[in-house]
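Colleague: Structure below; questions to follow.
The values are calculated or read from the model by the stated rules, or taken from the named source; none is laboratory data. On a predicted model such as this, the values are computed, not experimentally measured, just so you know. Neighbour counts run over all protein chains shown; Cβ positions are idealised from the backbone, glycine included. Ligands, DNA and RNA are stripped out before the accessible areas are found, and what is left, the full protein with its side chains, is counted by its heavy atoms. Shrake-Rupley method; radii C 1.70, N 1.55, O 1.52, S 1.80 Å.
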Amino acid sequence: MRYLLVALLLVSAASAQWVLESVNCEEVWGGSVDTTAPVPVSFSFSAYAPYSGSDIPLVAFNGNPGRVEVWGYTFYNTTVAYIAEWAYSGRWNRDLTYEITVEYWSGTWDLGQYRCTATWRYGNNTQTETRYYYKVNGEPPRKKETMVFTVPSDRVEYSVTRYIYAAVRPDRFGYNPLCAELPTTNTWPNCVPFTKENVVASGSSPMYWAALEINGLKPGSVVTRHGVNATIPNPWHYTDRPVYPFGGATVETDMGSDVVYYVHNLPFSSSVRIIVLATPEKWGFVELRPPKPIPLYISRVVAAGDDWGAVRPPQSFLIDSVGNATWVGDRWVWKTTLSSIAQKTPFMLTPYIAAYTSDIPTPGSGLPGVISRDSVRIYMPLGSTTLLNAAVFWRLNLGGHATWIDSFATYLRAVDNNGVLLADHYEEAGAKGKLAYETPYSWSRSWAGFATAVDGSMQGLITAWYAPPDPCRQWPMQIYHCVYSQHVFTKVNGSWVGYSRVGERGRQWPINRLVLVDWLIPRYPHICEVDGFRDLMNLVAGDPVLYYWHIYRLRAYSFNPQTGDWDIPDVCVLPPPHQVSLISKVYGLSQYRNTTKNPYGYKLFHQTAEGPFYDYVFGGVNGDEKPAGWTDALPLGISSMVPNSTGPWALFLVPTTACTSLICTELKPTLWGPAPGPTPDLALGGAGYSFLLLYLGEEREATVRIYVEMGHVVEKSGDGVRYRWVKNHLLAEIKRKWKPFDAVYVGPGWHVDYKPLSACQPLELSADVALFANAVYVTPANWTGPVQVLVEDGDGRHHFVFFISKDVSYKIVTNTPAPMYFTTPYLDTTVYLFLNGVPYFHGINAFGEGGRQWQYACAPAPIRARSLLGGSDHTSQLVVSGDFWGHVELYGSLRIENLFSRPRFELVDPQRGVVRLTAEGPVRGFAFYLQHDGTWVKVGEAGGLCVAVNASRVYPWDPVLVLPLVGQEVTASPGDVVTLWRPQTALLFKSWADSVGYQRDARSELQILGKC
């Protein structure tokens, strides 16, 4: 019973609440209110015209496409754009009449203000709530008016503004809330709102008419610009209905908008605008299509023999090869030992087509262009002629690494992204004057310009484009450092058996460098008299081709068994037909009539070999031969230790110093770029290195172990630094999910994620807790030859080899500084380190006389690849600078002997005081000093081996100090004796009688006359 009572009390409490009992309203004010105000009704008319390409176009899009940035250019990401230009003069076939009917209040309002009180009850308790309302007791009379706007037939731009005087709703003047009925108990606190408005009741427009002349052009006129022509439609229909995003006749008010001919009861309060944008009724388009996606090729050095059967396009392409000439019996025999091969990967390069409808801006400025993964279609009124710019950009996605890569140059292509051959379409367009293109029409690094026109004879034009991808340049960030060529110094018992050279005698170059980044196709026909050039897109994507009927007779060199060099001039004949798909020039049908078919039925396009495709020409027997219009690509160059298999790993040496100070007191391992670099497998004995391990496969989980055959490990220990010998030593074990192009730096007991390092860029591992390392691998000091590195993963063992070389050499460059204030002669001597003939870096301090020590420095050294592409790398080179006397010890000792260059003076003309200055040795000029306040101050400098001066005012009490500027360049090897010329000063003063004489206490003046 107790529980039942509690429940009843809860129900009773829940049902008790405040109840609205009544609402009573009384008028507190009433009267007439005049809200009449002028309402502008404006009308504007303008018209679009076919685009002429003479100015920046009007550009419109469907919807609101997003913006993207690619290589610094800004684009709208969309597949469709529309261009036109304004009409500035013209005539219509009649006056154009536009009408709207407006319905509005005209007069005063009868308003009342009411105080409404609501009474609330809660049991025996009551309370009240009061609010104020305005009620429309009477509306002004409604007025209906039709407004007519007539555009004269000779006007393409017209505007006018008229006014109506309308009574505006009172709530727009603060009479709020405005009610039609006052609140009741059912609506409190809301009243029935007053909802009527002034309205545009209806409208009409001409909708369709004809133009008799626009911008000086009449129906049927032929417009010829930029090598193309377009015929103006006849009759030339215009409309105020929307055509794509352009055109339309719109009524806009401060409360909404609608089209003129559909408007119905559109409310307005303070303004009405009629906006008419007339547009040509018929439009055409130009479509730009990208190529198909293609695979990424990665080039690397592999061991290879003379059997080229292993190179099978499109799976792999030969880039370059190198070998040894060995004396066998009574002749030299050539053996190919290494090749650089571009291998197909599962990673795809995705093309995007971009277009600018105006001049190509500087990256980071200018109007946005249009870019799309699919085709881009640009609409324009019939009769338009325009210049467009096209570019193909490529995007590479390597697992979690996505980046834009560079394009070499963009060319018109005869095959689109669907594999459809467009050659006949181009011929038709050329015959009708609707497409003009020549390589290069307007050319930049990535863009190709072309002219186009649309009219009734050809309302749609399809174009296809191709640009060879260049994966070595990446944007917006470099995810991998590409290498253009790799130094290969020895692969036979630690030394070359013979240095073979290529070219005519006296103009040869050693073949001790393998190109990694070069064009794929020119090396494809490696067997003369058998194969012709192939189109890359035909090989990798199965696209159709055209054919170029031409016999290439290229200059080549055969191996000479008597000299061991490739010095016998030869001719490599490459017979037709050659596959092509790039277009160098667009012609008309009549020009092709006798050239587009050959007796064998091949479809030809003879003009394709006329354009400057790519950046090279072939050395032909009868002069240079241009490459025809085959598609091509560049691989991503990866320098690597030479592996025994084509596994998914690449391995590089990275020079590593234990510390960077003159006196090494603490172990601070520092890696030095470039990483990777052009010498990935070349090492000094007794020097520190780390390893860069790069993964080239598809994403997977794997545990990888890296072993080194022999060497030393320098590591921290309890009592300082320990130096111990290791053999078949496990450097590191790495367990992780490997993604394409994941890379790690590896050392004894540590590994850190890869960071791209450019030439001479250091990475100090102990400076960051995340990059902490306390040990360095050091190569054997007393070993010359190969050292194996083993990479072990779940699929097996992958062997790599690097080489320790003692083939050290130096380039010594001297220079004599000529400071403003002179104290003593100084010879600035710079020593550059070379290993096996290539610039090389390691952190080695130099020592000179008396144990003096000089800090090493790193200088970027350019290495240009001898290739068709002509790409270049920068590698690091050890540089030590100082004034060395007696000897210098770097990686081995050099003894220095000195010769001194002292100025010699010869009086040539005593009357004029002319003195000839010469000196022995490699003198490039002289510097002259006079003493001021006990300090020698430079007063002049002259270049040349012989310099003439006027010394008639150079007195014995104020002589001129002459400093010869000596400079030379010599090469040397450890243990050599090097002779260096040093400057020695001499004093010049007058010691003869002349007309100037010896003026007491006069200060000397020197006049430099120039070279002798």
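Colleague: Just give me the residues in the range 658-708 being among the acidic types (Asp, Glu) and under 25 Å from TYR484 (Cα atoms), in sequence order.
Modeller: ASP681, GLU698
Colleague: If you go through the range 891-909 one residue at a time, do you hit one that is among the aliphatic types (A, V, I, L, M), within 29 Å of PRO964 (Cβ to Cβ) and crowded, with 17+ Cβ neighbours inside 10 Å?
Modeller: Yes, that holds for at least one residue.
Colleague: Here is a follow-up. I'd like the residue in the range 711-724 that is of a type in the set (A, V, I, L, M, F, W, C) and within 43 Å of the chain's Cα centre (by Cα) and, out of all such residues, is modelled with the highest pLDDT.
Modeller: VAL713
Colleague: If you don't mind, another one. Whether any residue in the range 186-200 is touching an Asp or Glu at 6+ places or on another chain (Cβ under 6 Å), at pLDDT 95 or above, open to solvent by 50 Å² or more (accessible area, probe 1.4 Å) and not in a loop (DSSP other than H, G, I, E, B) is what I want to check.
Modeller: Yes; the residues of the range 186-200 include at least one that is touching an Asp or Glu at 6+ places or on another chain (Cβ under 6 Å), at pLDDT 95 or above, open to solvent by 50 Å² or more (accessible area, probe 1.4 Å) and not in a loop (DSSP other than H, G, I, E, B).
Colleague: List the number of the failed condition for ALA166; all other conditions in (1) assigned to a strand (DSSP E or B); (2) within 28 Å of ALA49 (Cβ to Cβ) hold.
Modeller: It is condition (2) that ALA166 fails.
Colleague: Search the range 407-419 for residues being under 22 Å from ALA453 (Cα atoms), of a type in the set (A, V, I, L, M, F, W, C) and touching a Pro at 6+ places or on another chain (Cβ under 9 Å), and hand back the single one that is modelled with the highest pLDDT.
Modeller: That would be VAL415.
Colleague: Now a separate question. Of the numbered conditions (1) touching a Phe, Trp or Tyr at 6+ places or on another chain (Cβ under 7 Å); (2) open to solvent by less than 60 Å² (accessible area, probe 1.4 Å), PRO762 fails exactly one; give the number of that condition.
Modeller: It fails just one condition, (2).
Colleague: Does the range 61-109 hold any residues that are closer than 30 Å to GLU197 by Cβ, β-branched (Val, Ile, Thr) and in a strand (DSSP E or B), and which are they?
Modeller: Selection gives THR97, ILE100, THR101, VAL102.
Colleague: Here is a further query. Taking LEU980, is it farther than 30 Å from TYR891 by Cβ, touching a strand residue (DSSP E or B) at 6+ places or on another chain (Cβ under 9 Å) and at pLDDT 95 or above?
Modeller: Here the answer is no, as LEU980 does not meet what is asked.
Colleague: Hey, can you tell me all the residues within the range 819-849 that are of a type outside the set (D, E, K, R), surrounded by fewer than 19 Cβ atoms within 10 Å (Cβ to Cβ) and closer than 12 Å to VAL888 by Cβ?
Modeller: THR830, ILE844, ASN845, PHE847
Colleague: Still on this model: If you check every pair at least six apart or on different chains, which have Cβ atoms under 7 Å apart with a residue in the range 425-439 that is over 22 Å from PHE613 (Cα atoms) first and a residue that is open to solvent by less than 10 Å² (accessible area, probe 1.4 Å) and small (Gly, Ala, Ser) second?
Modeller: Listed by first residue and then by second, the contacts come to ALA431/GLY588; GLY433/ALA453; LYS434/ALA453.
Colleague: Just one of (1) closer than 21 Å to THR657 by Cα; (2) within 39 Å of the chain's Cα centre (by Cα) trips up LEU790, so point out which.
Modeller: Answer for LEU790: the failing condition is (1).
Colleague: Being outside any loop (DSSP other than H, G, I, E, B), out of contact with any Lys or Arg (no Cβ under 6 Å at 6 or more places or on another chain) and open to solvent by 70 Å² or more (accessible area, probe 1.4 Å): is that true of GLU941 here?
Modeller: yes
Colleague: Considering LEU539, LEU516, which residue is closer than 20 Å to LEU634 by Cα and either modelled with pLDDT under 90 or crowded, with 24+ Cβ neighbours inside 10 Å (or both)?
Modeller: Just a single option satisfies the conditions, and that option is LEU516.
Colleague: I've got another one for you. From the residues in the range 910-938 that are in contact (Cβ under 8 Å) with a residue 12 or more places away in the chain and part of a loop (DSSP other than H, G, I, E, B), which one is surrounded by the fewest Cβ atoms within 10 Å (Cβ to Cβ)?
Modeller: Result: GLN911.
Colleague: Do the conditions hold for TYR132, that is, is it aromatic (Phe, Trp, Tyr), open to solvent by less than 40 Å² (accessible area, probe 1.4 Å), in a strand (DSSP E or B) and at pLDDT 95 or above?
Modeller: Against the criterion (aromatic (Phe, Trp, Tyr), open to solvent by less than 40 Å² (accessible area, probe 1.4 Å), in a strand (DSSP E or B) and at pLDDT 95 or above), TYR132 does not qualify.
Colleague: Of all the residues that make up the range 689-714, how many are within 18 Å of LEU653 (Cβ to Cβ) and small (Gly, Ala, Ser)?
Modeller: So the count comes out to 2.
One line per residue, one yes/no per condition, for (1) in contact with a Phe, Trp or Tyr (Cβ under 8 Å, 6 or more places away or on another chain); (2) within 30 Å of ARG94 (Cα to Cα); (3) among the aromatic types (Phe, Trp, Tyr):
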position: THR119; (1), (2), (3): no, no, no
position: TYR133; (1), (2), (3): yes, no, yes
position: LYS144; (1), (2), (3): no, yes, no
position: SER153; (1), (2), (3): yes, yes, no
position: GLU181; (1), (2), (3): no, no, no
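Colleague: I'm told ARG312 meets every condition in (1) free of Cβ contacts under 8 Å to residues at least 40 places away in the same chain; (2) part of a strand (DSSP E or B); (3) out of contact with any Ser or Thr (no Cβ under 8 Å at 6 or more places or on another chain) except one. Can you identify the failing condition by its number?
Modeller: Checking ARG312 against (1) free of Cβ contacts under 8 Å to residues at least 40 places away in the same chain; (2) part of a strand (DSSP E or B); (3) out of contact with any Ser or Thr (no Cβ under 8 Å at 6 or more places or on another chain), the one that fails is (2).
Colleague: Run down TYR689, TYR695, TYR754 and say which single residue is open to solvent by less than 20 Å² (accessible area, probe 1.4 Å), more than 26 Å from LYS806 (Cβ to Cβ) and either modelled with pLDDT of 95 or more or not small (Gly, Ala, Ser) (or both).
Modeller: Being open to solvent by less than 20 Å² (accessible area, probe 1.4 Å), more than 26 Å from LYS806 (Cβ to Cβ) and either modelled with pLDDT of 95 or more or not small (Gly, Ala, Ser) (or both) holds for just one of TYR689, TYR695, TYR754, which is TYR695.
Colleague: Out of (1) over 20 Å from VAL517 (Cα atoms); (2) touching a Ser or Thr at 6+ places or on another chain (Cβ under 7 Å); (3) modelled with pLDDT of 60 or more, the odd one out for ASP470 is which?
Modeller: (1)
Colleague: Same structure again: Among the residues of the range 698-730, how many are charged (D, E, K, R) and open to solvent by less than 40 Å² (accessible area, probe 1.4 Å)?
Modeller: Result for the range 698-730: 1.
Colleague: So, in the range 542-574, how many residues would count as being within 28 Å of GLN315 (Cα to Cα), part of a loop (DSSP other than H, G, I, E, B) and open to solvent by 40 Å² or more (accessible area, probe 1.4 Å)?
Modeller: Residues in the range 542-574 being within 28 Å of GLN315 (Cα to Cα), part of a loop (DSSP other than H, G, I, E, B) and open to solvent by 40 Å² or more (accessible area, probe 1.4 Å): 5 in total.
Residues are listed down the side, and each one gets a yes or a no for (1) modelled with pLDDT under 90; (2) buried (at least 18 other Cβ atoms within 10 Å of the Cβ):
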| residue | (1), (2) |
| --- | --- |
| ASP374 | no, no |
| THR385 | no, yes |
| ALA390 | no, yes |
| TRP394 | no, yes |
| GLY399 | yes, no |
| ILE405 | no, yes |
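Colleague: Let me ask something else about it. Scan the range 124-146 and give yes if some residue there is more than 58 Å from the chain's Cα centre (by Cα), under 30 Å from SER46 (Cα atoms) and not polar (S, T, N, Q), otherwise no.
Modeller: yes
Colleague: Which members of the range 217-226 meet the condition of being surrounded by fewer than 18 Cβ atoms within 10 Å (Cβ to Cβ), within 43 Å of the chain's Cα centre (by Cα) and assigned to a loop (DSSP other than H, G, I, E, B)?
Modeller: Residues satisfying the conditions do not exist here.
Colleague: Going by the structure shown, is ALA919 of a type in the set (A, V, I, L, M), in contact with a Leu (Cβ under 9 Å, 6 or more places away or on another chain), modelled with pLDDT under 95 and more than 17 Å from THR823 (Cβ to Cβ)?
Modeller: Spelling it out, it is not the case that ALA919 is of a type in the set (A, V, I, L, M), in contact with a Leu (Cβ under 9 Å, 6 or more places away or on another chain), modelled with pLDDT under 95 and more than 17 Å from THR823 (Cβ to Cβ).
Colleague: Moving on. Working only within the range 323-349, note down all residues that are closer than 16 Å to ILE638 by Cα and either open to solvent by less than 10 Å² (accessible area, probe 1.4 Å) or among the hydroxyl-bearing types (Ser, Thr, Tyr) (or both).
Modeller: LEU338, SER339, SER340, ALA342, THR345
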